[in-house]
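The values are calculated or read from the model by the stated rules, or taken from the named source; none is laboratory data. Note that this is a predicted model, so its numbers are computed, not measured. No Cβ is skipped: glycine too gets one built from the backbone with ideal geometry, and neighbour counts run over all protein chains shown.
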Amino acid sequence: MTTRTTTLCAVLTTLVCLPVHGCVEATGGAVEVSWSLRDVGGEGTTCDDARIGEIQLFWQVGTRTRADAWACDEGRGVTGFDLEPGPVSLWLEPSCADGPVTPGSFRTPPVIVRTITEGEVITLDTQLVEVRAQDCGDTCTCP
């Protein structure tokens, strides 16, 4: 190929790819979180056995609370870059596949406070989510 043809190919490729793969402006920071599910008795359990449909990540900035959720069996999730820069409180909660969570039936780590920086991702180490899933009757996290 000639230099002129190579340059033309590079320019055309760039022009074709820009609308498809264009940049997205970050207006805040993001959070990446992973989790491990356990029965409160210490045994490992699956999302299906515990009837957990999603894991929710909540965040609070000032008095405003928002959340994102991912399928429990994915084991991890990443928010968009839409968390406001500054101090943020973060916490996890399970969400049942069919109906509400039984109050007081799960344990998650205490609230985590971090500082969000625009364009950056905060990575939370694997968070342990303890649920009542075995031999619990009406006190199961997701009856």
Residue within segment 81-102 that is within 21 Å of G44 (Cα to Cα) and out of contact with any strand residue (DSSP E or B) (no Cβ under 8 Å at 6 or more places or on another chain) present: yes
Test: G137 is at pLDDT below 95 and under 20 Å from V40 (Cβ atoms): yes
Whichever residue in segment 84-111 is of a type in the set (A, V, I, L, M) and in contact with a Leu (Cβ under 9 Å, 6 or more places away or on another chain) and, among such residues, is surrounded by the fewest Cβ atoms within 10 Å (Cβ to Cβ): V111
Single residue of segment 92-128 satisfying the filter (assigned to a loop (DSSP other than H, G, I, E, B) and aliphatic (A, V, I, L, M)) that is farthest from D39 (Cα to Cα): V111
Of the criteria (1) modelled with pLDDT under 95; (2) touching a Leu at 6+ places or on another chain (Cβ under 7 Å), which one S36 fails: (1)
